[in-house]
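Everything below concerns the one structure shown next.
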Amino acid sequence: MDFNQLKQELFDYCEEINVQKVGIASTDTFDTLKQRLVTQQAFNYQSGFEKGTVEERTTPTKLLPKAQSIISIALAYPSKMKDAPKSKKGDRRGIFARASWGKDYHDVLREKLNLIGEFLEEKVEGAQFKAMVDTGELHDRAVAERAGIGFVGKNCNLITDEYGSWVYLGELITNIPFEPDEPIEEGCGDCNICVDKCPTGALVQGGQLNASRCIAYQTLTKDFLPDEYRTKIGNRIYGCDTCQVVCPKNKGVDFHLHPEMEPDPELAKPKLEPLLTISNREFKEQFGYMSGSWRGKKPIQRNAIIALAHYKEVESVDTLIHLMKKDPRPVIRGTAAWAIGKIGREDAKQVLEKAKLHEQDEDVLVEIDKGLDFLKVHTTT
């Protein structure tokens, strides 16, 4: 079989099914990535969401023993929201990161990869595949970089010439011996804007991320948010786009090529207060198709409370008081108490002191005291 011809047919087919970029990577061990992952482990820079061992994440043949090449694809997603609603006093809104706008990108990419697999199965007898999107063992960005899709920038995102870093990535390990493409040598040069602008210093150096300090990671956690991040989170309720927004390579880049990726403004930038009392069923019905829903409603609600405190939204205090008194989850009760003190309505001191008499959870009591400490500051300044 002429695999060069098949490769061209594959690329043509990818264009037909609306894949923006496709490239081929070799199945050699990702040695540079391996060293970086070892360093991450040594410094405890991992998020805990990574799948597989270092060997599995850097050795494709560990995942498909007869692997001979890796097909890497990229789909461009929007960076700007049309008709975005305004956040205003008495009607404050949060924001989901762009990677959660529209239909869950994992599903969109898997559909494309499945189509590619079916296409090649018709062409090659005995074809084998293993598809991965984000949650697989392989490092999507390292594969895409090797395949010539783009280069990994100092913000740890893959950056393409045409679409900036606003791309979703996926790959298909296969036993078909496609000729690899050439990696792109372009880089960030002297630009260090993303490192300088990271809200928490999570980009410890260009291309090295301390995932546990990243706002995007912190919005996913389910426990109390550490105090140092509460002042940084702003109105983010899922994810963080700062290191992409400030990147010069993304200036003016905004593509709307996939209708299923278009955000519903009321969901991508939702009203905060209704999130505080939404039921599990309502949350799944409204947000379940978005990638930002995968951790459930609890982190979203906690982040929404912090966002209301960020806005000092007095109109929401009655709802926060109800949560502090009635919610069965200590994280929500405690965060609500903290927010009541942060907002500082006239009756806040009385409300918090009364709650302190009835609260049994030690962690919640600590948060009540934090709220009361805010009020002491208010009265002395």
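Quick notes on this structure:
- Charge tally around residue 111: other residues with Cβ under 12 Å, Lys/Arg +1 each, Asp/Glu -1 each, net -1.
- The convex hull of the Cα atoms of the stretch 104-164, projected and averaged over all directions, covers 5.3 nm².
- Hits among lysines - C-alpha to C-alpha of residue 7 under 26 Å, sequence gap 8 or more where chains match: 21, 62, 66, 112, 123, 130
- Lysine pairs within the stretch 147-263, Cα separation less than 20 Å, 8 or more sequence positions apart or different chains: 7
- Computed Rg/Rh of the stretch 62-200, alpha carbon atoms with Kirkwood Rh: 1.05
- Taking GluC sites (Glu not before Pro) in DSSP loop conformation with at most 16 other Cβ atoms inside 10 Å as exposed sites, the chain has its longest uninterrupted site-free stretch at 187-345.
- Longest site-free stretch - the chain; sites: chymotrypsin sites (Phe, Trp or Tyr not before Pro), DSSP loop, at most 15 other Cβ within 10 Å: 50-288
- Phi-derived couplings, Karplus 6.51 cos²θ - 1.76 cosθ + 1.60 at θ = phi - 60°, listed residue by residue for the stretch 56-71: 5, 7, 10, 10, x, 5, 5, 9, 9, x, 9, 4, 10, 6, 10, 8 Hz, with x used for Gly and Pro.
- At R0 = 22 Å, FRET efficiency that the Cβ-Cβ distance of residue 223 and residue 107 yields, to 0.05: 0.15
- At R0 = 56 Å, FRET efficiency that the Cβ-Cβ distance of residue 125 and residue 360 yields, to 0.05: 0.25
- 5 angstrom amide H check on residue 159, placed H, neighbours 5+ away: 151, 152, 153
- Averaging 1/r across all pairs of distinct Cα atoms in the stretch 132-203 and inverting the result yields a Kirkwood radius of 13.5 Å.
- From the Kirkwood radius over Cα pairs of the chain, Stokes-Einstein at 10 °C and 1.306 mPa s returns a whole-number translational diffusion coefficient of 70 µm²/s.
- Kirkwood hydrodynamic radius of the stretch 166-228, Cα pairs, Å: 15.4 Å
- Of the residues 280, 30, 225, the one whose Cα sits farthest toward the positive end of the charge dipole of the chain, with +1 on the Cβ of Lys and Arg and -1 on the Cβ of Asp and Glu, is 225.
- Rotationally averaged projected area of the stretch 184-271 (alpha carbon convex hull; nm²): 7.9 nm²
- When the Gaussian network model of the chain links Cα atoms closer than 10 Å, the mean-square fluctuations of 286, 360, 68 top out at 360.
- Distance between the pseudo-spin-label points of residue 6 and residue 260 (7 Å out from Cα toward the beta carbon): 2.7 nm.
- A simple rule links phi to the HN-Hα coupling: the Karplus curve 6.51 cos²θ - 1.76 cosθ + 1.60 with θ = phi - 60°, which for the stretch 126-131 gives x, 5, 10, 9, 9, 9 Hz, with x for Gly and Pro.
- Annotation for residue 162 and residue 193: the two label points, set 7 Å from Cα along the Cα-Cβ direction, are 2.3 nm apart.
- Summed side-chain charge close to residue 374 - residues other than residue 374 whose Cβ falls under 13 Å, Lys, Arg +1, Asp, Glu -1: +3
- Scattering curve values for the stretch 249-376, log₁₀ I(q)/I(0), Debye with Cα scatterers, q = 0.17, 0.22 Å⁻¹: -0.85, -1.21
- Residue list for the stretch 68-84, given a label point 7 angstrom along the Cα-to-Cβ vector of residue 16 and an amide N cut-off under 13 Å: none
- Mean Kyte hydropathy of -0.5 or more with a Cα span along the axis of at least 20 Å, helices from DSSP in the chain: 297-311, 362-380
- Calculated P(r) of the stretch 320-376 - Cα pairs past 14 Å, %: 39 percent
- Considering only 115, 357, 275, the Gaussian network model of the chain with Cα springs below 10 Å gives its largest mean-square fluctuation to 357.
- Summed side-chain charge close to residue 96 - residues other than residue 96 whose Cβ falls under 11 Å, Lys, Arg +1, Asp, Glu -1: +2
- Each label point was placed 7 Å from the Cα along the Cα-to-Cβ direction; for residue 205 and residue 314 their separation is 5.0 nm.
- Partners for residue 354 among aspartates and glutamates (Cα-Cα distance below 20 Å; same-chain residues under 8 apart left out): 318, 327, 346, 362, 363, 367, 369, 373
- Gaussian network model of the chain, springs between alpha carbon atoms under 10 Å - residue of 342, 82, 297 with greatest fluctuation: 82
- Förster radius 56 Å - calculated FRET efficiency between residue 377 and residue 285 (Cβ-Cβ, nearest 0.05): 0.85
- Normalising the Debye intensity of the stretch 286-352 to I(0), with uniform scatterers on Cα atoms only, and taking log10 at q = 0.14, 0.18 Å⁻¹ returns -0.42, -0.64.
Where a number appears in this text, it was derived from the coordinates with a stated rule and is not lab data. What you see is a predicted model; the values in this text were computed from it and never measured. Cβ atoms come from the backbone with ideal geometry, glycine included; neighbour counts cover every protein chain shown.
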